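Scroll down for the structure; my scribbles are underneath it.
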Amino acid sequence: MLGNLTLARIRQRDVEAAVASLAEAIAELEATRGGGGMNIVFGAARELRPWRQEPLVAEVHDRLLGLMTAA
């Protein structure tokens, strides 16, 4: 659910809110390792590419990399 909220916020160009909900989704995935959620979260991260130079976006991408390596 948080992944879908993130996608909606990205499409509204509300990057700060999108990053906040994506960070929550990542925290949930770190605890549950839900496969379907991973697909949505990584899709949302791809949609954040235009803002990848922003520090908040770079930070959340680093968390995703950490999630992948911990798997």
Burial-style ranking of 53-61, 28-36, average other-beta-carbon count within 10 Å with highest first, yields 53-61, 28-36
Expressed as a rounded percentage, what relative contact order does the chain have, with Cα pairs under 8 Å and six or more residues apart?
34
Along the range 27-33, Karplus-curve 3J(HN,Hα) (6.51, -1.76, 1.60; θ = phi - 60°) to the nearest Hz, with x for Gly and Pro, reads 4, 5, 5, 4, 7, 10, 6
For the chain, which whole-number percentage of the solvent-accessible area (1.4 Å probe, protein heavy atoms only) is attributable to carbon and sulfur atoms?
53
Rounded to whole Hz and in sequence order, give me ³J(HN,Hα) for the range 12-18 from the Karplus expression 6.51 cos²θ - 1.76 cosθ + 1.60, θ = phi - 60°, writing x for Gly and Pro.
8, 6, 9, 4, 4, 5, 5
I need the shape label for the chain. Rule: rounded when a/c is under 1.5, else prolate if a/b > b/c, else oblate, with a, b, c from the alpha carbon gyration tensor.
oblate
Only helices counted: for the chain, with every DSSP H run of 4 or more residues adding -39500 (n - 2.57) and the sum spread over all residues, [θ] at 222 nm is -26000 deg cm²/dmol
Highest first, please rank the peptides 16-22, 37-43 by the mean number of other Cβ atoms sitting within 10 Å of their residues.
16-22, 37-43
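The values are calculated or read from the model by the stated rules, or taken from the named source; none is laboratory data. Predicted model only: the values in this text are computed from it and were never measured. Note: ideal-geometry Cβ built from the backbone for every residue, glycine included; neighbour counts use all protein chains shown. SASA here: full protein model, heavy atoms, side chains in, ligands and nucleic acids out. Shrake-Rupley method; radii C 1.70, N 1.55, O 1.52, S 1.80 Å.
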